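The values are calculated or read from the model by the stated rules, or taken from the named source; none is laboratory data. Since the model is a prediction, treat every value here as computed from it, not as a measurement. Cβ: placed from backbone, ideal geometry, glycine included. Neighbour counts: every protein chain shown. Side chains included, ligands, DNA and RNA excluded: accessible areas come from the protein's heavy atoms. Shrake-Rupley method; radii C 1.70, N 1.55, O 1.52, S 1.80 Å.
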Amino acid sequence: MSMNIGEAAARSGVSTKMVRHYESLGLLPRVARTEAGYRQYGDAEVHTLRFIRRARDLGFSMAEIGELLKLWQNRRRASGDVRRIAQRHVQDLQRRIDEMSSMKRTLEHLVHCCHGDERPECPILDELANE
């Protein structure tokens, strides 16, 4: 079944702009075009777009998605390679969660210390101004 970019975008849950972007990055192979130059997508491309969208939803970087796509398309892949990419990503997510938790605790403390009244003194601004 052949469909235009709008139909492929709608079926995959990816915007047409992102479909073009993924194609420009090489994540989505170049597709056939009509004589008028319109892209023609099939079920395989829609399936790939859904894969990319799901990987993005899980926070994988474009480089990681590129690696995952190659492994997904390679039936002789080693699942250990996929696992290593996912494990690195889990570690990166945990690092970011830890950093954000620390930021949250600091801000909660500063909000608690701020009187939030008519006085000009503000520990939040004082902290931001500190080097």
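For the reader, a short list of remarks on this structure follows.
- Any hit, the stretch 99-106, residues being open to solvent by less than 70 Å² (accessible area, probe 1.4 Å), within 30 Å of His21 (Cβ to Cβ) and not basic (Lys, Arg): no
- Among residues of the stretch 33-55, those that are open to solvent by less than 60 Å² (accessible area, probe 1.4 Å) and either basic (Lys, Arg) or farther than 26 Å from His89 by Cβ (or both), counted: 5
- Scope the stretch 68-89; condition closer than 20 Å to Ile52 by Cβ, open to solvent by less than 80 Å² (accessible area, probe 1.4 Å) and out of contact with any Asp or Glu (no Cβ under 7 Å at 6 or more places or on another chain); matching residues: Leu68, Leu69, Trp72, Asn74, Asp81, Val82, Ala86
- Residue pairs meeting the criteria (Cβ under 9 Å; at least 6 apart or on separate chains; first on the phi > 0 side of the Ramachandran plot, in the stretch 54-76; second open to solvent by 30 Å² or more (accessible area, probe 1.4 Å) and assigned to a helix (DSSP H, G or I)): Gly59/Asp92; Gly59/Leu93; Gly59/Arg96
- Scan the stretch 20-32 for residues that are open to solvent by less than 30 Å² (accessible area, probe 1.4 Å) and either in contact with a Ser or Thr (Cβ under 9 Å, 6 or more places away or on another chain) or within 26 Å of Leu93 (Cα to Cα) (or both) and the total you get is 3.
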